[in-house]
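Data block below; observations after.
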Amino acid sequence: MTSKKRPQNLFAKAPIVRLQGQPVLLFTEQQGTLLQALEAKKVKIFSECRNGFCGACKTRVISGKVSYLNEPLAELKHDECLPCCCVPTEDLELDLSPEGAAVVTYACQPHQGKTNMTKSKQAQHEARNTRTLKQEVFED
């Protein structure tokens with residue numbers, strides 16, 4: 001079994017991991033594997049890795065790339081990864097539900113200029129675009 005080292009680029013941006021478009025975490029080396037980071041964020045992902053069954057955590061990658069810390073034992077398609085033994089090398093979007101996960105949300109400022117929108121349409125527009133930013137704090 002071969003293992004690959006994590007890329008060492010001190011100036012690289014930490015990858016953002018999204019679940020079906022929703023940002024869930026900013027991945028750092030302190031989080032271990034992608035599976036450990038997802039579990040810490042309360043993402044519902046089935047895995048039997050710790051019980052000796054490889055392949056149970058197989059997940060479809062919508063966009064982005066991963067690097068394997070250990071060569072995966074399960075056979076993977078080109079758009080799949082095994083979170084138990086990989087880390088994201090760039091922003092990554094996975095086909096996992098963000099439901100129940102501790103997600104990262106962001107704020108969009110409503111347009112301050114004059115508009116031709118009615119008040120109800122403007123309220124709908126603002127409701128769609130207003131979200132709260134929660135800054136994640138990672139312990140060393």
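We did not get these values from a lab; they are worked out from the coordinates using the rules stated. Everything numeric in this text was worked out from a predicted model, so none of it was measured. Note that we place each Cβ from the backbone using ideal geometry, even for glycine, and neighbour counts take in every protein chain shown.
Relative protection proxy for 59-66, 89-96, from highest mean packing down: 89-96, 59-66 (other beta-carbon atoms within 10 angstrom). Close amide H pairs (under 5 Å, H built 1.01 Å from N) link N70 with K4, residues at least 5 positions away or on another chain.
Amide H contacts under 5 Å for I62: E93, L94, D95, restricted to partners 5 or more places along the chain or on a different chain, H placed in the peptide plane at 1.01 Å from N. The HN-Hα couplings worked out from phi for the range 21-33 by the Karplus form 6.51 cos²θ - 1.76 cosθ + 1.60 (θ = phi - 60°) are x, 8, x, 10, 7, 9, 7, 10, 4, 5, 7, x, 8 Hz, whole numbers, x standing for Gly and Pro.
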